[in-house]
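Structure record follows, encoded as structure tokens.
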Amino acid sequence: MQAFLAILRYDSSQLLRSWVTRLWLPLLVMPALFLVVVAANEEELASETLAAYVAAVLMPLSALAVAVLTAGAIAGEAQIIADGILSRSVTRTEFVSAKIVARLGFALIVFTLVMVPFTYLVVRYAAADVSYGGLIVALFTAALLLTFLGALGLTLSTVMTNVLVSVLVLLVTVLASGLVLQFLGLRWMSTTAVLTELAPTIRGETPAWDLFRVVFVFAGLTAVSIMTTFSVFRARDL
Amino acid sequence: MHVVNTHDLTKIYDNRYIALNALNMRVEKGQVYGLVGPNGAGKSTTFRILLGLQKPTAGSIQVFGEAMGAERADLRRRIGYLPTNPTFPKSMTPIAFLQFVGSVLGMPRDRAKIQLSRLLQAVDLTNAASQPMKGFSTGMLTRLGIAAALMNDPELLILDEPTSGLDPAGRKQTIELIRELSGRDRTIIIATHILTDVERVCTDVGIISAGRLIYSGPMADMRRLARQGTIAVEIEGNTSAFEQEITTLDEFGSVRYERLGSEFRITFLGTRSLTDYLQRVLQLIDRTGVELLHIDTGSDEIEEAFLRRLEDDRTRGFLRAAAWAAALDGGVDGPGSSGSGANGGTNGNTTARTGENADAGIPGHPSV
């Protein structure tokens, strides 16, 4: 447990110092403020404003940031990990757990820091059309998508040795999955479909079953990714 | 008790490269064991498996009497490790890094601070203690690595090329530090290709070549091995008379020599003692009336012995493979098994731990 906490602290401090973080937060905050002003002045619908922000700003930027932060979590630090960390009294399980908690936790903290005040301001100043239940589910789904992306990035970082290739593979996989799923008649499982459905979800118009199956599938995929990360990293030579 | 015990340890990377080839190595408590070998011999791979960073393809490894693996943090807690050319987080300062190591090891914060201050002073990094590591030289990183390896006052200290990248002063300081650390029931394993380092600090030595331990024994035996048989003399006067009679110094075929100007390097392959051979050489000098300028029975001795071992191992590779196959066909223990008798120390796969088999591997006493 001490090793887990030590690595968690170390990794979190590395993330805070990262150039990705320095770019990510301002790039999310500035358009959010702009949208709040526009929505208040133009009396835009809160659900449409929130959904547009999530689909056009938050998800693309966050996907890129999360991809870089997670796909390089292990691949980019293999030597440091072996020399400085895992040659000491740390188990692989402790190490991977700390990495997962730090990286995914960091992504979710950034998401919360941006989305909670932004949602509050939009709901307060734009034309109110939101259902609070729908709003919570929509935000939860968006957070789940980011978590899944992060988990997949961590899996790739244990499998691959090149950070850039890991990031590219992750982004291409996410983008290409939409086409494949559409071809297979499973469009509802694609990230694009989930994002286009956000506005009705915020208004509370999406059937509960549709929401459940999306949450179930992405939670399941996240769990599978995390288990794969553990199993691959435990067996890997450093 | 063996602190480290490997049995037929084998590591093959991607079915393409054999890094370790049935390595049998035993290190006992309190030893300062020098693992010597050329680059790519398998020293670092041995250490990585020993720490659970890599899995062996075949064979087994025990540390403190227990099987080592990736999840054995309890065993690693008792080990300090310095990797070769260590890579540490560049944005961290030595103080922050050692604090991190202390917290990973579960040390109380106060104790960790006392320990890190002491260690930074010991490795002469006090002045750089608050600077980020990105500007550090290889030598500074190595010294910091030594400090990190000592944070938990380990029972087993593994140093992979501890003097690599150090200037002469740093090297001397590191050797002194290792000397200080030896004893007190601490076991130290040092991998290096700098033989003088091994000679200065190690109580025992193992020679690794192409993933196999081709010699293992006390340092004193290695020195004896090195001294055995070679006498260098520098003479002037009637050197051709001296040269003509060199081969009469021992039985036919038991004396080899090479001449470099006025210097003769005479190698005796017989079983007599060095003192006896020395006496014969001095008598020959007297008899032929040459003037002795210099005589040496041990210059570059360890290096010489080391190179002879490697050469010996290379030339006997085929015979060893044949012996191994024959042993397998006959359903008896192969050369890798303990107690393989006459095959003893020169048999590539056999570990001649302590002196018992070491004599079997003396150059000039072919055992295969």
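The values are calculated or read from the model by the stated rules, or taken from the named source; none is laboratory data. These numbers come from a predicted model, not from an experiment. Neighbour counts run over all protein chains shown; Cβ positions are idealised from the backbone, glycine included.
From the list B:52, B:59, B:42, the one residue that fits, being among the small types (Gly, Ala, Ser), touching a Lys or Arg at 6+ places or on another chain (Cβ under 8 Å), buried (at least 17 other Cβ atoms within 10 Å of the Cβ) and more than 9 Å from chain A (Cβ to nearest Cβ), is B:42.
If a residue must be more than 7 Å from chain A (Cβ to nearest Cβ) and part of a loop (DSSP other than H, G, I, E, B), how many such residues does the stretch B:86-97 contain? Explain how you work it out, then say what you get.
Pass one, the stretch B:86-97, residues more than 7 Å from chain A (Cβ to nearest Cβ): B:90, B:92-97.
With part of a loop (DSSP other than H, G, I, E, B) added as a condition, the list becomes B:90, B:92-93.
Counting residues in the stretch B:86-97 that are more than 7 Å from chain A (Cβ to nearest Cβ) and part of a loop (DSSP other than H, G, I, E, B) gives 3.
For the stretch A:130-139, a tally of residues being assigned to a helix (DSSP H, G or I) and under 14 Å from residue A:200 (Cβ atoms) returns 5.
Only one residue in B:194, B:189, B:207 is within 25 Å of residue B:6 (Cα to Cα), free of Cβ contacts under 8 Å to residues at least 40 places away in the same chain and under 10 Å from the mean Cα position of the chain (by Cα), so which one is that? Lay out the reasoning, then the answer.
Values: B:189 fails: free of Cβ contacts under 8 Å to residues at least 40 places away in the same chain; B:207 fails: free of Cβ contacts under 8 Å to residues at least 40 places away in the same chain.
Of the residues listed, the single one that is within 25 Å of residue B:6 (Cα to Cα), free of Cβ contacts under 8 Å to residues at least 40 places away in the same chain and under 10 Å from the mean Cα position of the chain (by Cα) is B:194.
Quick check on residue A:62: is it away from chain B (no Cβ under 12 Å), under 21 Å from residue A:112 (Cβ atoms), touching a residue at least 60 places away in the same chain (Cβ under 8 Å) and within 16 Å of the chain's Cα centre (by Cα)? Spell out the reasoning first.
Values: away from chain B (no Cβ under 12 Å): yes; under 21 Å from residue A:112 (Cβ atoms): yes; touching a residue at least 60 places away in the same chain (Cβ under 8 Å): yes; within 16 Å of the chain's Cα centre (by Cα): yes.
Against the criterion (away from chain B (no Cβ under 12 Å), under 21 Å from residue A:112 (Cβ atoms), touching a residue at least 60 places away in the same chain (Cβ under 8 Å) and within 16 Å of the chain's Cα centre (by Cα)), residue A:62 qualifies.
Against the numbered list (1) closer than 16 Å to residue A:109 by Cα; (2) buried (at least 19 other Cβ atoms within 10 Å of the Cβ), residue A:25 comes up short only at (2). The number of residues in the stretch B:85-97 being within 29 Å of the chain's Cα centre (by Cα) and either within 9 Å of residue B:130 (Cα to Cα) or not polar (S, T, N, Q) (or both) comes to 2. A single entry from B:191, B:220, B:241 fulfils the requirement of being assigned to a helix (DSSP H, G or I), closer than 29 Å to residue B:42 by Cα and not aromatic (Phe, Trp, Tyr): B:220.
Selection over the stretch B:151-182 of residues that are among the small types (Gly, Ala, Ser) and under 18 Å from the mean Cα position of the chain (by Cα) gives a count of 2.
For residues that are among the small types (Gly, Ala, Ser) and more than 30 Å from residue A:234 (Cβ to Cβ), scanning just the stretch A:157-200, find the one that is surrounded by the most Cβ atoms within 10 Å (Cβ to Cβ). Don't jump to the end; show me each part of the working.
As a first pass, look at the stretch A:157-200 and keep what is among the small types (Gly, Ala, Ser): A:157, A:166, A:176-178, A:185, A:190, A:193, A:199.
Still in the running and more than 30 Å from residue A:234 (Cβ to Cβ): A:178, A:185, A:190, A:193, A:199.
On the way: A:178: 15, A:185: 8, A:190: 18, A:193: 15, A:199: 24.
Top of the filtered list is A:199.
Within the stretch B:23-70, being part of a loop (DSSP other than H, G, I, E, B), closer than 16 Å to residue B:155 by Cα and not small (Gly, Ala, Ser) holds for B:29, B:31, B:51, B:64, B:68.
Against the test of being crowded, with 18+ Cβ neighbours inside 10 Å, within 27 Å of residue B:269 (Cα to Cα) and at pLDDT 80 or above, the options B:225, B:249 yield a single qualifying residue, B:249.
In summary, residue B:130 fulfils each of the numbered conditions (1) in a helix (DSSP H, G or I); (2) more than 12 Å from chain A (Cβ to nearest Cβ); (3) over 32 Å from the mean Cα position of the chain (by Cα) with the single exception of condition (1).
For residue B:116, are the conditions met, namely being surrounded by 17 or more Cβ atoms within 10 Å (Cβ to Cβ) and within 26 Å of residue A:11 (Cβ to Cβ)?
Details: surrounded by 17 or more Cβ atoms within 10 Å (Cβ to Cβ): yes; within 26 Å of residue A:11 (Cβ to Cβ): yes.
Yes, satisfied.
Total residues in the stretch B:5-31 satisfying the condition of being within 22 Å of residue B:75 (Cα to Cα), of a type in the set (Val, Ile, Thr) and surrounded by fewer than 24 Cβ atoms within 10 Å (Cβ to Cβ): the figure is 1. The set of residues from the stretch A:79-121 being part of a helix (DSSP H, G or I) and at the interface with chain B (Cβ under 9 Å from one of its Cβ atoms) comprises A:79, A:80, A:82, A:83, A:84, A:85, A:86, A:92, A:93, A:94.
Number of residues in the stretch B:134-150 that are under 13 Å from residue B:93 (Cβ atoms) and under 21 Å from the mean Cα position of the chain (by Cα): the value is 0.
Among the residues making up the stretch B:22-44, those that are in contact with an Asp or Glu (Cβ under 9 Å, 6 or more places away or on another chain) and not aliphatic (A, V, I, L, M) are B:24, B:28, B:29, B:30, B:31, B:33, B:34, B:43, B:44.
Restrict the check to the stretch B:100-110 and report whether at least one residue is within 11 Å of chain A (Cβ to nearest Cβ), among the aromatic types (Phe, Trp, Tyr), out of contact with any Leu (no Cβ under 7 Å at 6 or more places or on another chain) and farther than 23 Å from residue A:10 by Cβ. No - not one qualifying residue is present in the stretch B:100-110.
For residue B:147, indicate whether it is at pLDDT 90 or above and more than 8 Å from every other protein chain (Cβ to nearest Cβ). Spelling it out, residue B:147 is indeed at pLDDT 90 or above and more than 8 Å from every other protein chain (Cβ to nearest Cβ).
Can residue A:150 be described as of a type outside the set (D, E, K, R), without any contact (Cβ under 8 Å) to a residue 60 or more places away in the chain and surrounded by 15 or more Cβ atoms within 10 Å (Cβ to Cβ)? Taking the combined requirement at face value, the residue does not satisfy it.
So which residues in the stretch A:1-51 are among the charged types (D, E, K, R), outside any helix (DSSP H, G or I) and within 11 Å of chain B (Cβ to nearest Cβ), if there are any at all? Outline the logic, then answer.
Taking the stretch A:1-51 as the starting set, the residues that turn out to be among the charged types (D, E, K, R) are A:9, A:11, A:17, A:22, A:42-44, A:48.
From the residues that got through so far, the ones that are outside any helix (DSSP H, G or I) too are A:43-44.
None - no residue of the stretch A:1-51 is among the charged types (D, E, K, R), outside any helix (DSSP H, G or I) and within 11 Å of chain B (Cβ to nearest Cβ), so the list stays empty.
Selection within the stretch B:62-85: residues that are in contact (Cβ under 8 Å) with a residue 40 or more places away in the chain and buried (at least 22 other Cβ atoms within 10 Å of the Cβ). The member of this set that is farthest from the other protein chains (Cβ to nearest Cβ) is B:63. Looking at A:52, A:73, just one residue is more than 10 Å from the chain's Cα centre (by Cα), crowded, with 23+ Cβ neighbours inside 10 Å and among the aliphatic types (A, V, I, L, M), and that residue is A:73.
Only one of these is buried (at least 20 other Cβ atoms within 10 Å of the Cβ) and part of a strand (DSSP E or B): B:198, B:233, B:281. Name it. Walk me through it before giving the result.
On the way: B:198 fails: part of a strand (DSSP E or B); B:281 fails: part of a strand (DSSP E or B).
Criteria check complete, one pass: B:233.
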